[in-house]
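Notes for the one structure printed next.
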């Protein structure tokens, strides 16, 4: 990718997303593939979106992943080896500006370091608080934990505002952003109705504004079914 493009067109960056299926699609993490896609691609538009599975993956999981826009790679050998090779190749051939991996396996640290050395931003997405790998988090440019990221402030993420911060810090920044939006909406509503609302009414409006509608797509737990 052009260095000038990275410097002057940050909102148009591309993301290569790699998902370690056997490692993260487990009942203990309750991972939804839509959440995985959103978390990895909030930094830019998708250049590739791959889910790696082994030969024991049920057909229902493959179909669900393909329906969500994933290219499914099924391998009879070690998933880690194939994913590492593909991630490294994507980095050294400039397939994307950003390399994102969803895993808790420290074996991917060398591949992430190759991407770092080649100038890509690297993102590690953990499947949950108990699924974090310190080795991966320390190697990557940016870290996210599913369930802690927020979709709202995509522009700030795309501009690298949270680059190098922990998932908790990024979460705090997004919550602040959303709270400010809710306050602005409350003021506008008060002006239109020519009514001074009480603190209790403000609290109710803020509570309703922050109650975001979640995706009702059922979570597909792959390897534990």
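Summary of computed values
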| item | result |
| --- | --- |
| Cα→Cβ-extended label distance, 7 Å offset, between residue 94 and residue 54, nm | 3.8 nm |
| Segment residue 129-residue 63, length gained on full extension (0.36 nm per residue, minus Cα span) | 21.0 nm |
| Centre separation in Å (Cα based) which lies between the range 82-116 and the range 39-75 | 16 Å |
| Relative packing of peptides 62-75, 30-43 - highest average C-beta neighbours within 10 Å first | 30-43, 62-75 |
| Cα gyration tensor shape of the range 33-87, rounded if a/c is under 1.5, else prolate or oblate by comparing a/b with b/c | oblate |
| Pairwise label distance in nanometres, residue 81 with residue 45, each label 7 Å out on the Cα-Cβ vector | 3.7 nm |
| Evaluated at q = 0.16 Å⁻¹: base-10 log I(q)/I(0), Debye formula over Cα of the range 77-116 | -0.34 |
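Computed from the coordinates by the stated procedures, all read-outs in this text should not be read as laboratory data. Just so it is clear, the structure is predicted and the values come from calculations on it, not from any experiment. In this analysis, Cβ positions are derived from the backbone assuming ideal geometry, glycine residues included, and neighbour counts consider all displayed protein chains.
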